Amino acid sequence: MPHYKIACIPGDGIGKEVVPAGQQALEALAASQDGLSFSFQSFGWGGDWYRAHGEMMPADGLDALRGADAILFGSAGDPQIPDHVTLWGLRLKICQGFDQYANVRPTRILPGIDGPLKRCTPRDLDWVIVRENSEGEYAGVGGRAHQGHPIEVATDVSILTRAGVERIMRFAFRLAQSRPRKQLTVVTKSNAQRHGMVMWDEIALQISREFPDVRWDKELVDACTARMVNRPASLDTLVATNLHADVLSDLAAALAGSLGIAPTGNIDPERRYPSMFEPIHGSAFDIMGKGLANPVGTFWSCVMLLEHLGETAAAQRLMRAVEAVTADPRLHTGDLGGQATTAQVTEAVCRRLREPATAAA
Ligand code: ATP
């Protein structure tokens, strides 16, 4: 009987509220499905850990995670600690340490959610953004010199390697091939960035030859923002660099109704290390500790976690339970214009999961 070890890292802000909610949903799922069980180990890393220990996670923290089948992550961000410290000290340390080079971000308008686009039906917006997650603009290469002097200089160098681009393109084409429309848009900026992005385009063309059944096109990142708003149905799977996809996926989340709904997976496709799943929102200090955070982004991340583990039936059951709950406006949190609390939404999802399988379907 499959048993999975899940490492939970709630992190900061509302991460501390939504990760326990995700754990509750997984527990409810296991309780109602023979042959599925989880054990959870929680790690108190993040801003509080930094205040106590001077680092966001222990130096040997990756070793503690290595044996997990998957990681459920909340968020990293603290008003008293610079953002680059919280980001590089925890989330990126795990993503890079475990070479989770494919960041996958599905976007759909869930039942009952009112997206901001006037003429867009839920059928028109069904995307997966694949973000290169290991190099590019966030490679961490660069530096500062002459600090505090008028001649101070700072650089961030975007690094694109042939191996890095080939593996993310292959991953994206394969993902596009697995979806009904078999369609990929390669996001680029090779008109202005004339070295790395030109190689990016060349490698896209090269890898496309391995996938003759996938229709693909190229789009400049700036034009892509307009296309997402004006012609959402013309897109299906997208692949973009670290920075470009970071921006596009926040836009995608907003177009699907709320940042509180969107999930993501940081995947090691070769399965050498555990992959990590998290809602795309941050710490949201304005609503922290009030029980108002929307847990749907975390539930959907749990769906991705289950799919990654090969638990397709369990993933579908959880997704159906989430969709049944979003369909009821009385169960919408404040970000969706409702008044429901994190606990109410979580309980509603767990209740549906406890119902016999056919009723939850
Ligand atoms: P960080 O700096 O860690 O990225 P942030 O507070 O700047 O965090 P987000 O947390 O991504 O940015 O979200 C911006 C705003 O969107 C929040 O202030 C909050 O009001 C709202 N929001 C985000 N996620 C949720 C959620 N799960 N439920 C309800 N509202 C949310």
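The values are calculated or read from the model by the stated rules, or taken from the named source; none is laboratory data. Please read these numbers as outputs of a predicted model, since none were measured by experiment. Here the Cβ is made from the backbone with ideal geometry for all residues, glycine too, and neighbour counts use every protein chain on show. Please note that ligands, DNA and RNA were not included when accessible areas were found on the heavy atoms of the full protein model with its side chains. Shrake-Rupley method; radii C 1.70, N 1.55, O 1.52, S 1.80 Å.
Just a few scattered comments:
For every residue, the table says whether it meets (1) of a type outside the set (Phe, Trp, Tyr); (2) touching a strand residue (DSSP E or B) at 6+ places or on another chain (Cβ under 9 Å); (3) within 16 Å of the ligand (Cβ to nearest atom).
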residue: Phe38; (1), (2), (3): no, yes, no
residue: Gly44; (1), (2), (3): yes, yes, no
residue: His53; (1), (2), (3): yes, no, no
residue: Ala64; (1), (2), (3): yes, yes, no
residue: Gly97; (1), (2), (3): yes, no, no
residue: Arg105; (1), (2), (3): yes, yes, yes
residue: Leu110; (1), (2), (3): yes, no, yes
residue: Asp114; (1), (2), (3): yes, no, yes
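- Tally of residues being out of contact with any helix residue (DSSP H, G or I) (no Cβ under 6 Å at 6 or more places or on another chain) and near the ligand (Cβ under 7 Å from one of its atoms) across the range 282-302: 7
- Pick from the range 263-274, criterion touching a Ser or Thr at 6+ places or on another chain (Cβ under 7 Å) and open to solvent by less than 10 Å² (accessible area, probe 1.4 Å), ranking: nearest to Asn294 (Cα to Cα): Pro263
- Tabulated pairs, the range 152-167, first charged (D, E, K, R), second surrounded by 14 or more Cβ atoms within 10 Å (Cβ to Cβ) and outside any strand (DSSP E or B), C-beta under 6 angstrom, 6+ apart or interchain: Glu166/Ile203
- Those strands (runs of 3 or more DSSP E) lying entirely in the range 31-150 with at least 2 residues surrounded by fewer than 19 Cβ atoms within 10 Å (Cβ to Cβ): 37-42, 136-145
- For the range 164-188, the set of residues classified as of a type outside the set (S, T, N, Q) and either open to solvent by less than 30 Å² (accessible area, probe 1.4 Å) or over 23 Å from the mean Cα position of the chain (by Cα) (or both) consists of Gly164, Val165, Ile168, Met169, Ala172, Phe173, Ala176, Leu184, Val186, Val187, listed by residue number.
- Any hit, the range 250-266, residues being of a type outside the set (Asp, Glu), within 21 Å of Lys16 (Cα to Cα), touching a helix residue (DSSP H, G or I) at 6+ places or on another chain (Cβ under 6 Å) and more than 16 Å from the ligand (Cβ to nearest atom): yes
- Residues of the range 314-350 classified as away from the ligand (no atom under 16 Å from the Cβ) and without any contact (Cβ under 8 Å) to a residue 24 or more places away in the chain, total: 5
- The set of residues in the range 278-297 being modelled with pLDDT of 95 or more and under 25 Å from Pro232 (Cβ atoms) consists of Glu278, Pro279, Asn294, Val296, Gly297.
- Screening Thr298, Thr342, Thr333, Thr346 for residues that are hydroxyl-bearing (Ser, Thr, Tyr), open to solvent by less than 20 Å² (accessible area, probe 1.4 Å) and under 19 Å from the mean Cα position of the chain (by Cα) leaves exactly one candidate, Thr298.
- Of the residues making up the range 66-76, those that are away from the ligand (no atom under 16 Å from the Cβ) and closer than 24 Å to His281 by Cβ number 3.
- Qualifying positions in the range 190-209 - farther than 15 Å from Thr241 by Cα, open to solvent by 70 Å² or more (accessible area, probe 1.4 Å) and under 27 Å from the mean Cα position of the chain (by Cα): Leu205
- Test for Thr312: is it buried (at least 17 other Cβ atoms within 10 Å of the Cβ) and assigned by TED's automatic domain parsing to the domain that holds Pro10: no
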